[in-house]
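Here the structure is laid out as structure tokens; the discussion comes afterwards.
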Amino acid sequence: MPKVTFNGAVLADSDNTVIVENNHYFPPEAVNMDYFKPSARDLTTVCPWKGTASYYDIHVDSEKLSDVAWVYPEAKPAAERIQGHVAFYKGRVTIED
């Protein structure tokens, strides 16, 4: 089961992820939002076929990772299966397949 951890905390785990462009997108109910805050920089990016992504900072104990997770709150039709799902930057958090 794919699982994401940082600093000993489980950020997300699910056997129902969607893989797009080699990234696991976790369904909202599989993500522990206690560790998430909207990006302090209010970062967004635009993908031509997925839409506009919003980013999260992760806070675990005294450790913080900026803009390490993202979500497409209103994905374009071609990416509707990942709408609302959360993905993470590899190498900044631990992602186990």
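Remarks
- Residues of region 29-47 classified as open to solvent by less than 70 Å² (accessible area, probe 1.4 Å) and closer than 22 Å to residue 66 by Cβ, total: 8
- Scan region 54-73 for residues that are closer than 16 Å to residue 20 by Cβ and either among the acidic types (Asp, Glu) or surrounded by fewer than 17 Cβ atoms within 10 Å (Cβ to Cβ) (or both) and the total you get is 1.
- Residues that are of a type in the set (Gly, Ala, Ser) and closer than 19 Å to residue 22 by Cβ were ranked within region 74-97; the one that is farthest from the chain's Cα centre (by Cα) is 78.
- Taken over region 74-97, residues that are open to solvent by less than 100 Å² (accessible area, probe 1.4 Å), within 17 Å of residue 14 (Cβ to Cβ) and modelled with pLDDT of 95 or more amount to 10.
The values are calculated or read from the model by the stated rules, or taken from the named source; none is laboratory data. All of these numbers come straight from a predicted model, not from anything done at the bench. Every residue, glycine among them, receives a Cβ derived from its backbone with ideal geometry; neighbour counts consider all protein chains shown. Protein only, heavy atoms only, side chains kept; ligands, DNA and RNA dropped before computing areas. Shrake-Rupley method; radii C 1.70, N 1.55, O 1.52, S 1.80 Å.
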